[in-house]
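Contents: one structure, followed by commentary.
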Amino acid sequence: MSFNTFGRVFRFTTWGESHGPALGAVIDGCPPGLALSEDDIQPWLDKRRPGTSRFTTQRREPDQVRILSGVFEGRTTGTPISLMIENVDQRSKDYSDVAKAYRPGHADYAYDAKYGFRDYRGGGRSSARETAARVAAGGVARRVIPGVSIRAWVEAIGGDAIDYDRFDADEIDRNPFFCPDAQAAERWEELIDRTRKAGSSIGAVVACEATGVPAGWGAPIYAKLDSELAAGCMSINAVKGVEIGDGFAAATLTGEQNADAMRPGNGGPRFLANHAGGIAGGISTGQPVRLRVAFKPTSSILTPVETVTRNGEASEIATKGRHDPCVGIRGAPVVEAMVALVLADQMLLHRAQCG
């Protein structure tokens, strides 16, 4: 079986490959009557678009989205919304060596082991190119939850982290790294340039916060808000870890340190801390929902790496072509999109049960 659909009420299916003619998403379960146009989706795709700086892949894709169905006279109809993004700058010849041998760290061998066949052009569905469809779908999801604000930023690249004492939300859109710390962004310029020139790649950590999420979204046990967020973000290509709230650091605290103490407030409790990341028992508490996502280094690198061919013979591979030296940089708008998709789904689930 292959699973290309995510969500329970607000469901989306992505389709297409890195070097196919197009890719996109089909969204089902979107409420009718919402104002929606391509202009509502395009700004989010522009944030993720490749080739916008020397620090990302130089593949030139305009990533212009088209709405093919589900919208009439500027409003959603309640029927499936089909989104399409054309691929216009493929260079499949760059992957001639990948057709013969597997890239270590990539999904080449795993796909071949499962299907006995694979699309070696850019990795097909395993390429980060697939995430453009998620970002487009996330633009629709944001229309379902207009009271929620979602912001992601790059917290660390190659272990070099920002200083939260210098956190400036406005700085995130001023540099190509989605970095809220201007001094860290300057360091990362040199770090990424050095990594690219060495023919290598580097990993990153993306942090995300959603504010305006009311208390009560989510469900116990099998539809927990945090488990859905974790599943959604872990499904992003190149992601190897997700933390909610304090995450693994919570294991180093005592019970009283980890407790999000409460005092009386207007219309509900006032929390003195947010170690839980705005989620308790799988249900939102009304605090900001916070998570962190770890992206591994890009597997397509110019540095030769030992591998095997499809025939099982020892070999080496150095991947030519245009690749992100740090795929986590463009991961920030993808994480935002997945958080929006999960929250839209959970809002509709909550409304279905609790009115």
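The values are calculated or read from the model by the stated rules, or taken from the named source; none is laboratory data. Owing to the predicted nature of the structure, the values given are computational and were not obtained by experimental measurement. Cβ: placed from backbone, ideal geometry, glycine included. Neighbour counts: every protein chain shown. For accessibility, only protein heavy atoms count, side chains too; no ligands or nucleic acids. Shrake-Rupley method; radii C 1.70, N 1.55, O 1.52, S 1.80 Å.
Mind checking which residues of the stretch 120-135 are among the charged types (D, E, K, R) and not in a loop (DSSP other than H, G, I, E, B)?
ARG125, ARG129, GLU130, ARG134, listed by residue number.
Mind counting the residues in the stretch 176-222 that are more than 24 Å from ILE236 (Cα to Cα), without any contact (Cβ under 8 Å) to a residue 60 or more places away in the chain and open to solvent by 70 Å² or more (accessible area, probe 1.4 Å)?
6
Considering only the stretch 242-259, I want to know if a residue exists there that is touching a Gly at 6+ places or on another chain (Cβ under 9 Å), of a type in the set (A, V, I, L, M, F, W, C), open to solvent by 50 Å² or more (accessible area, probe 1.4 Å) and within 30 Å of VAL9 (Cβ to Cβ).
no
Go through the stretch 281-330 and count every residue that is at pLDDT below 95, among the small types (Gly, Ala, Ser) and in contact with a helix residue (DSSP H, G or I) (Cβ under 8 Å, 6 or more places away or on another chain).
1
Could you please let me know if THR298 is part of a loop (DSSP other than H, G, I, E, B), open to solvent by 40 Å² or more (accessible area, probe 1.4 Å) and under 30 Å from TYR102 (Cα atoms)?
Here the answer is no, as THR298 does not meet what is asked.
What number of residues within the stretch 269-295 are touching a Lys or Arg at 6+ places or on another chain (Cβ under 8 Å), part of a loop (DSSP other than H, G, I, E, B) and hydrophobic (A, V, I, L, M, F, W, C)?
1
Of all residues being of a type in the set (Lys, Arg) and at pLDDT below 95 in the stretch 63-107, which is least open to solvent (accessible area, probe 1.4 Å)? Just the residue, please.
Ranking the candidates gives ARG103 first.
In the stretch 301-324, which residue that is acidic (Asp, Glu) and part of a strand (DSSP E or B) is most open to solvent (accessible area, probe 1.4 Å)?
GLU306
Restricting to the stretch 146-172, what's the tally of residues that are assigned to a helix (DSSP H, G or I) and open to solvent by less than 20 Å² (accessible area, probe 1.4 Å)?
Let us first name the residues in the stretch 146-172 that are assigned to a helix (DSSP H, G or I), namely 164-166, 169-172.
Going one step further and asking which of them are open to solvent by less than 20 Å² (accessible area, probe 1.4 Å), we end up with 172.
Result for the stretch 146-172: 1.
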